Each structure stands twice: as structure tokens, then as C-alpha cells.
Amino acid sequence: MLISPLSGGRLRLSFPASLLHHDLEQLRAEEIRPLLAAFESFRPHARPRLRLMLDATGATGLGLAPAAPWELRLREDFFSRYGPALLPVPASLETSRLYLALKLSTRYMDDGIREAAQELFNAPAFLASVSLSVLVYFAAWLAPEPFFSKAFAATLTVRLSLLVGLVELSRLGLACLRLYQEAEAAITPQELDAAAERFGKALGGTGLRVLVVVAGLGLPQVLPKVPEGGLWSLLSGMRHAPAGGSLLESIASVQVVADGSLMVTGLATGTSAVSLCGELAICAMMDDSGGSSGSAPKLSTRYGKPHTRQNPPHNETIEEELARREAAGHTDLRKNKPQQSASKADVRDREPVKGVGFRKPDVSSIRPDGVRHNTNYVSNPRDLQRELDAFESMIRADPKAIHELYLLVGTLVRRYVPPGVNFP
């Protein structure tokens with residue numbers, strides 16, 4: 001792995017292509033039984049039998065019954081650790097298409113993992129946890145450059161990338177998302193089974209191990225019941241890629257960029273690429289351009305030209321926010337462009353401040369509900385009054401839009417939400 005130090009306490013982690021260890025593609029039932037017992041203890045034994053529900057047309061449908069208390073508690077655990085769901089969460093996971101497709105997929109898995117998978121996927125609490133993993137964690141892979149803003153999910157992404165490789169991790173994420181999309185689109189049992197077959201054949205032993213880890217770490221009360229190192233013991237074959245130590249715990253966000261590397265932010269003050277490499281003991285270090293450490297950092301330009309080359313953290317914050325909004329379904333993503341309304345018409349302040357009638361929001365997009373959302377960032381506190389003036393000017397120009405002003409460190413300074421608009 002290569003580590004490239006960037007400005008603002010950020011690092012770029014690059015992962016060379018590598019072959020997975022053959023042992024990782026095998027998973028015996030004996031290895032997962034302590035974990036399985038822990039999951040079984042989470043859910044009451046008395047439970048209705050899973051069945052495929054049909055509507056009047058014969059299409060597969062979601063169960064109408066509300067979620068059981070144990071499932072609601074499971075959801076709370078997941079959301080508190082991983083962040084809110086990025087895909088719609090069904091009323092009941094146990095009777096959802098995704099849950100049933102996952103259960104059907106085990107019959108199509110490779111011989112080396114089928115028995116273990118069948119035992120795991122017959123445990124309702126585990127299967128509900130995997131379903132939530134798809135809706136909450138793997139849903140981030142819907143974005144062209146997936147972004148993980150919850151500290152726990154960001155740290156886990158780095159650890160898993162070190163353990164199994166970024167390519168393998170992204171392949172699993174996309175397989176999970178394809179299963180979700182195909183299961184939701186299925187209108188017959190045969191179509192649902194076909195989606196399950198494609199997923200089962202795509203999931204290898206390494207992917208199953210990662211599913212176990214992501215699902216299990218969403219339930220902290222399960223972990224103490226699993227002996228000998230907990231869930232990470234399932235990854236014990238990955239001796240050549242240590243999970244990392246205390247420095248990784250300070251990670252605040254991770255973005256998977258198009259070149260196949262990770263952009264890591266939020267490292268603790270004073271953390272350097274040298275100290276991180278020393279802790280991991282598996283990386284080389286270079287600057288972002290491949291030259292000396294004195295070279296200027298490369299700025300992200302996925303959503304437009306650099307905001308300013310003199311302030312890279314400002315530019316990267318804008319790019320990261322636009323990536324989050326794209327993943328949430330926003331459209332008309334605009335970076336440092338003249339202010340527009342939700343109908344994409346240019347808008348101007350009728351009471352210009354110092355002759356400035358138009359503004360350029362750092363971040364602008366249209367939410368799925370059709371409301372324009374503008375955000376600006378203040379890098380230098382000495383510029384705060386100027387930015388507050390601009391904030392009021394933008395409201396006057398478009399009172400039907402949401403407007404926000406943040407300090408670059410993430411502190412909210414001011415927010416305006418139009419009457420009748422729900423936020424967030």
C-alpha cells in the first residue's frame with residue numbers, strides 16, 4: 001500500500017492489485033457457530049415461519065406487519081454505529097424482498113462456504129443484520145465515488161480495505177446493491193430467485209467473511225459473547241494485512257476516489273503519513289504527484305475546477321459534500337457557480353451588498369423533493385461577517401431555497417429553511 005500525505009491532515013491510501021489468499025475462500029461451519037449462537041441469543045426463539053407473500057397479481061410483496069421489538073432494537077444499534085440508512089428501510093426486514101433473496105442465495109454459493117452460509121442465513125437476527133448492512137453501509141457504493149462520513153463506518157472501510165483489498169470490498173458492495181435493486185424490481189418468485197442466484201454465485205468466501213464482520217459489528221451486545229478475538233477472528237487468515245491500531249480510530253471520513261484509492265480525513269492533530277506507516281508496517285510513502293514531499297497536493301475536480309488552489313481543504317470539503325448529496329439522490333450538482341433557483345433560473349439580490357447582486361454558493365443542488373439547497377463555508381473566521389452578509393443576500397435572492405453557512409471545521413453558523421419545507 002502507498003500512502004500520500006496531503007494538506008489539512010488528509011492522506012491518500014493507494015492499494016496495489018493483489019491475489020487473495022486461497023484459505024480466505026473457504027469458511028467452515030465450525031468457525032461461525034460461536035458467532036451464530038450469539039446472534040440467536042439476540043432474538044426470541046418463538047417466531048413465525050418466513051414465507052413468500054404474494055399480492056393479488058402474484059407479485060412478491062413486502063409484509064404488512066410492523067417490525068418486532070427485537071428488530072427495532074437492532075435497527076437502532078445499526079443506525080447509531082453506521083449512520084442513517086441511505087436506502088428505504090422496509091416496515092419489517094423479516095418479510096422484505098431483500099431478506100428473502102439473501103436467504104435463497106445460499107443454495108447457489110460455492111461448496112467451500114455453502115454449509116456455513118446456510119447456517120448463518122437461517123438465523124433471523126443475522127440475516128436481518130446483513131439486510132441492514134446492505135441498506136446502511138453498502139448503500140454508499142451506489143455513488144461513483146462512495147463517501148463514508150460516519151467515523152465508525154469510515155474506520156471500518158479503511159480496516160477492511162487493508163484486510164481484503166479495496167477492489168474486493170468494492171466488488172462486494174456493488175454485488176449487494178445489485179441484489180437489492182433486482183430484489184426490489186422482482187415481480188415474480190422466479191425473478192427473485194434469479195436475483196438470489198446471481199448474488200450467491202458472485203459471493204466468495206472473502207465476501208462472506210466481510211458480510212459477517214459488517215453485520216456483526218452493528219450489534220455491540222453480540223460481540224462480548226464471541227470468544228477469542230470476536231468477529232475479527234474470522235479474518236485471521238489475512239496475516240499479511242494488519243487491521244491497524246489506534247491511529248485509525250481518529251479517522252472522520254473516507255472517500256473512495258475514481259483512481260482506486262482512499263481519501264482519508266480527520267486524522268488526529270500531529271498524525272503523519274510516517275507515523276501511520278510505522279503503525280501499519282506495510283506501506284510505502286510518496287507525495288500525491290508521485291514526486292517529492294514538497295510537491296503541491298492534487299485537488300479533486302470531479303464536480304468542477306478547483307475552488308481555489310491556495311486553500312485545498314476548502315476545495316476538498318466542497319467535493320466531499322457534493323459526493324454526499326449525489327449519493328442521497330440530489331440533482332443539478334453545482335460547485336462555486338452563480339446562484340440559481342430550483343427551476344434553474346439565475347437569481348439576484350434586489351438589495352445588493354456593496355454592489356454585489358449575485359452570489360456563488362460553494363455547494364448547490366436540488367433535493368429529491370425539488371427544493372434547492374445552497375451551502376457556503378468559512379475558512380477564515382475573520383471573513384465571517386462578509387459571509388454572513390452573503391448569506392442574507394442569498395436568502396433575499398431565493399427565499400424558497402434552503403441556505404446554510406458553516407465554518408470549514410464543520411460548525412453550523414446559520415441555517416435558513418423556507419416555511420413548509422422539511423429538513424433534513
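The values are calculated or read from the model by the stated rules, or taken from the named source; none is laboratory data. All values derive from a computational prediction rather than experimental measurement. Note that we place each Cβ from the backbone using ideal geometry, even for glycine, and neighbour counts take in every protein chain shown. What goes into the accessible areas is simple: the full protein's heavy atoms, side chains included, and nothing from ligands, DNA or RNA. Shrake-Rupley method; radii C 1.70, N 1.55, O 1.52, S 1.80 Å.
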*Using θ = phi - 60° and the Karplus relation 6.51 cos²θ - 1.76 cosθ + 1.60, list the HN-Hα couplings for the stretch 346-361 in order, rounded to whole Hz, with x at every Gly or Pro.*
4, 10, 10, 6, 7, 10, x, 8, 6, x, 8, x, 10, 10, 10, x
_Cleavage-rule hits (trypsin sites (Lys or Arg not before Pro)) in the stretch 324-399: DSSP loop, at most 12 neighbouring Cβ within 10 angstrom_ = Lys344, Arg350, Lys354
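What number comes out for accessible area per residue over the stretch 313-408 if the probe is 1.4 Å? Units Å², please. Provide the component values of the computation, followed by the final result.
Working: 4390 Å² over 96 residues.
That works out to 46 Å² per residue.
How would the stretch 98-228 be classified by its alpha-carbon gyration tensor: rounded, prolate or oblate, with rounded meaning a/c under 1.5 and the a/b versus b/c comparison settling the rest?
Working: a/c = 1.60, a/b = 1.23, b/c = 1.31.
Oblate is the answer for the stretch 98-228, as a/c is 1.5 or above yet b/c matches or exceeds a/b.
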*Summed residue charge, Cβ within 14 Å of Ala327's Cβ, Lys/Arg positive, Asp/Glu negative*: 0
*Compute the accessible area per residue over the stretch 77-190, keeping the other protein chains in place, probe 1.4 Å, unit Å².*
32
*State the answer as a single residue: which of Gln340, Asn376, Ala328 lies farthest towards the positive end of the charge dipole of the stretch 301-377, with beta carbon charges of +1 for Lys and Arg and -1 for Asp and Glu, about the Cα centre.*
Gln340
*Prolate/oblate/rounded call for the stretch 157-210, Cα gyration tensor, a/c under 1.5 rounded*: prolate
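Cβ neighbours within 10 Å, averaged per peptide: list 73-80, 315-322, 90-97 in order, most packed at the top. Could the numbers behind the result be given before it?
On the way: 73-80: 17.6, 315-322: 23.1, 90-97: 20.0.
Descending mean neighbour count gives 315-322, 90-97, 73-80.
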